[in-house]
Amino acid sequence: MRGFIGNTDYDWYRFLASQPGIDEVNFWQPSASASFRALRPGEPFFFRLKSPHNAIAGFGYFASFSALPAWLAWESFGPKNGAADFDEMRARIERYRRRNGAPVSQRPGDYGIGCIMVASPVLFPEELWVREPKGWAPNIVRGRGEDLTRAEGLRIFTECLDRAQHLGAPTLAAEPDAPRYGEPTLVAPRLGQGIFRVSVLDAYDRACAVTGEHSLPVLEAAHIMPYADGGIHDVTNGLLLRSDIHRLFDLGYVTVTPEYRFQISDALAEDFHNGRTYYAERGKRVILPRAEAMRPSRGLLAWHGEAVWRG
């Protein structure tokens, strides 16, 4: 199994380390031009502080990568971007973009940034920082991959797991009865709300499942089973819907059947004496993700039809 050691700023680390209950972070890059393919979902991502600190100050598990407008990255992750507000985040992004010769939009946040989304992060206090790999070259800009089954990669991962255990944080990497120093294994990290939103957005190619609408400001990731009712932040528990349809879905005026058909309750017309726009979509087969593993769960859709829909 591989990991990736990513260079980051002390300010990003310091802000996140001061926030309680962080379940995900956006390790953003100031430009969307470069993708990130160094890891598979579930492999460890380590946070290395740049000079003068030169140490690993935490880690988490890679969930996915997406190129997003800066405003959408803020809407999705908020302070989990490592800044107190959008103005602070934007100022940092623009500082890097100017340094790299990249354009800065006159409209705040219009430019795209690269979002490396990391689940279940653990950030160490300074006394628990982990020594960086031997021979780390000072000219490494983004970071580098590491083999976690041997040598320095294994040392770093083992020490990070020890620190996480010391802090009482779940490591996700071993079963309770597993050997303390077993071979690293791929894990399935628990996703947070931000990663769920972006994952659903990308699974549906950024188009509403019902209307095909592509305007990002009105697209929302809907939970089929609400989180408050025991639903999880997983793509199979999601639908990408235009904001008005999302609201109707949550209230039970519309649903999607296990056969992936869009249905509308007669209660919509009865309660509001309107709804012609929505009734035109009745019975339509919804747009689905290309990957079958990302398609909405038929069982959860059946639950929504029984427990929420006003049929």
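Here the 3J(HN,Hα) profile of the stretch 296-311, calculated from phi with Karplus coefficients 6.51, -1.76 and 1.60 at θ = phi - 60°, is x, 5, 5, x, 5, 5, 4, 4, 4, x, 8, 9, 10, 4, 8, x Hz, Gly and Pro shown as x.
What does the charge dipole of the stretch 234-311 about its Cα centre add up to, to the nearest 20 debye, if the Cβ of each Lys and Arg holds +1 and the Cβ of each Asp and Glu holds -1?
Numbers: 11 positive and 10 negative charges, 68 e Å.
The calculation lands at about 320 debye.
Straight-line cross-link partners of LYS50 among the lysines, defined as a Cα under 30 Å from its Cα and at least 8 positions apart when in the same chain: LYS80, LYS134.
Output the relative contact order of the chain, whole-number percent, from Cα pairs under 8 angstrom with separation of 6+ residues. All intermediate terms of the calculation are to be shown ahead of the outcome.
Numbers: 567 pairs, mean separation 53.5, N = 311.
That works out to 17 percent.
Classify the stretch 1-104 as rounded, prolate or oblate, taking a ≥ b ≥ c as the square roots of the eigenvalues of its Cα gyration tensor: rounded when a/c is under 1.5, otherwise prolate if a/b is larger than b/c and oblate if not.
On the way: a/c = 1.31, a/b = 1.21, b/c = 1.08.
Rounded, since a/c falls under 1.5.
Karplus-based coupling profile of the stretch 92-100, in residue order and whole Hz: 5, 4, 5, 4, 5, 5, 5, 4, 8, with θ = phi - 60° in 6.51 cos²θ - 1.76 cosθ + 1.60 and x standing for Gly or Pro.
Bear in mind that the values in this text are calculations on the coordinates, not laboratory data. Note that the structure is a prediction, hence the values are computed from the model and not measured. So basically every Cβ, Gly included, is an ideal-geometry build from the backbone, and we count neighbours across all protein chains shown.
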